[in-house]
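Visitor: Have a look at the structure that comes next, please.
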Amino acid sequence: MHSKMEVIIVLGGWFVQEPDGNWRTMNFNEIDGEGLMSGDRVRVVAASFLSKKDPGLKIIVSGSKGRLNQTNCPTLAAVLKRELVELGVDPRNIIEENKSTGTFGQLKESLEMVRKLKFSEVGIISNNYHLPRIEEMLRYIPNLNCQIRLISGEEIAIKNDPEFWTQEVRDAYASKAMKKRMALEQKGVQDIKDGKYKFN
């Protein structure tokens, strides 16, 4: 039985710009700039479901402009915060971590915030395909001093809205773009284990 989480970290993924100029996370039926499926919108949805169940839950949203650093765009953290507020999350419960680039950087910076704020029970939300690499990366972050639970955005979304998300997730994970993504993730996990991974 898990003790109650005090804070959840929502890792940033990829974002796209709408014709009206607004930036947003990606749905499962979209392909990113590298020909891969991200589906990171489900992370935001999952965090909003958890927030509804525990209105006092704090949420750290993580990510800088990343690879889009040269463009006039917001940070990933700002996009994640806006989307969470649109889904009914109290903005006072959202903490922005907007310095990091890449998964390892997001983990390091967000968990440093966790340490400074003295949280002891932490959840990290990402896509199911992403969690094994996160688990390996956490071994390289010293002095965590907290209990960490890895949370699948897909599982939370399906549990809370099965009518929409069950088929959405099933179709996504059957696609070629997702299979390509998962193969890269598996290679990343193996590279970390073999000491070949390039941490950014």
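The values are calculated or read from the model by the stated rules, or taken from the named source; none is laboratory data. The shown structure was predicted, so the numbers you read here are calculated from the model rather than taken from an experiment. No Cβ is skipped: glycine too gets one built from the backbone with ideal geometry, and neighbour counts run over all protein chains shown.
Visitor: Got a number for residues in region 11-69 being hydrophobic (A, V, I, L, M, F, W, C), more than 25 Å from Lys176 (Cα to Cα) and modelled with pLDDT of 95 or more?
Guide: Residues flagged as hydrophobic (A, V, I, L, M, F, W, C), more than 25 Å from Lys176 (Cα to Cα) and modelled with pLDDT of 95 or more within region 11-69 amount to 7.
Visitor: For region 152-164: of the residues being assigned to a helix (DSSP H, G or I) and over 17 Å from the mean Cα position of the chain (by Cα), which is nearest to Leu87 (Cα to Cα)?
Guide: Of everything passing the filter in region 152-164, Asn160 is nearest to Leu87 (Cα to Cα).
Visitor: Next question, about the same structure. Within region 97-128, work out how many residues are in contact with a strand residue (DSSP E or B) (Cβ under 6 Å, 6 or more places away or on another chain), assigned to a helix (DSSP H, G or I) and either free of Cβ contacts under 8 Å to residues at least 12 places away in the same chain or of a type in the set (Gly, Ala, Ser) (or both).
Guide: Final tally of qualifying residues: 1.
Visitor: Something else about it: Just to be sure I understand the filter: pairs with C-beta atoms under 8 Å, separated by 6 or more residues or on different chains, first member in region 174-200 and on the phi < 0 side of the Ramachandran plot, second member small (Gly, Ala, Ser). Which pairs pass?
Guide: Listed by first residue and then by second, the contacts come to Ala177/Gly35; Met178/Gly39; Met178/Ala172; Lys180/Gly35; Arg181/Ser38; Tyr197/Gly188; Asn200/Gly102; Asn200/Gly105.
Visitor: For the condition loosely packed, with under 15 Cβ neighbours inside 10 Å and hydrophobic (A, V, I, L, M, F, W, C), what is the one hit in Leu111, Leu107, Leu57, Leu117?
Guide: Result of the check over Leu111, Leu107, Leu57, Leu117: Leu117.
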